[in-house]
Amino acid sequence: MSSGYLTFSDLPKSILRPLGVDEVAAIIGVSRKTTIRLVKNGTLPKSAFHRSKGASTLDARSMMKPAACPMVYFDVTIGPLLSSQMRHRMIQQICKILRGNAPNEAFEIGALCIDLPLSISQAVSRMAALAIAESEVIFDPEIRGGLPVIRGTRIGVYEIADLCRAETDEDILEQFPSLTPTCLEHAKLYAKAHPLPRRKGRSDRPRPPGIRTHVVTTNLLS
């Protein structure tokens with residue numbers, strides 16, 4: 001494997017937990033609808049899903065193991081360039097790599113060479129970005145009644161995320177001198193990964209004041 005590629009060993013434990021559809025969508029940078037489509041059409045292997053005791057099949061398939069992120073990332077970036085058969089084969093190969101049943105190296109067949117370590121590394125980098133964004137959001141009962149705010153400020157994460165949809169980053173930073181461009185990116189990523197409850201249906205994960213985290217074993221697909 002080429003040096004410089006990131007692996008799951010580079011990730012903080014806070015992100016190594018069952019992930020909801022919104023979280024995976026935010027990590028990969030796609031819409032919730034795209035992620036749901038991948039879940040429903042059987043693109044991901046069953047081993048990529050987290051099932052808690054007593055959960056229905058539908059509920060279980062709405063929560064994914066961390067290892068699902070590289071598979072989804074590969075499928076939406078490189079997958080469209082391949083045949084459906086090769087696409088499925090590569091996702092299975094990523095599954096084997098993450099299980100430790102195959103070397104983390106480029107997959108070669110004839111003249112075709114697919115850099116799987118790069119896809120895994122890029123997905124891991126995006127997972128790390130969400131972990132950092134989450135660490136910069138705090139829930140303190142003494143600050144705005146426990147609403148999620150950006151660390152070191154009293155500025156609400158969802159307020160900033162909403163402003164980012166309507167105003168430029170420059171305008172927002174002018175209104176809130178205590179913020180930085182990095183703060184804005186954290187707010188946008190956090191809000192996408194943990195959207196407020198929808199009026200119809202329900203979100204995939206519990207809402208504020210806290211995020212329940214889980215630590216998975218080193219065998220991320222077992």
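The values are calculated or read from the model by the stated rules, or taken from the named source; none is laboratory data. In this text, all values refer to a predicted model and were calculated from it rather than measured experimentally. Here the Cβ positions follow ideal geometry from the backbone for every residue, glycine too, while neighbour counts run over all protein chains shown. The area values use the complete protein model at the heavy-atom level, side chains included, leaving out ligands, DNA and RNA. Shrake-Rupley method; radii C 1.70, N 1.55, O 1.52, S 1.80 Å.
List of remarks:
- Sorting 113-120, 152-159 by their mean Cβ neighbour count within 10 Å, with the most densely packed peptide first, gives 113-120, 152-159.
- Here the Debye sum runs over all C-alpha atoms of the stretch 12-118 as equal scatterers in vacuum, and log10 of I(q)/I(0) at q = 0.11, 0.13, 0.15, 0.17 Å⁻¹ comes out as -0.34, -0.47, -0.63, -0.80.
- Residue-level accessible surface for THR34, protein heavy atoms, 1.4 Å, Å²: 40
- For the set LYS13/LYS65; LYS65/LYS96; LYS13/LYS33; LYS33/LYS192; LYS65/LYS188, the pairs lying more than 21 angstrom apart at their alpha carbons are LYS13/LYS33; LYS65/LYS188.
- Selected from GLN92, THR77, SER47, residue furthest toward positive end of dipole (the stretch 7-123; charges at beta carbon): SER47
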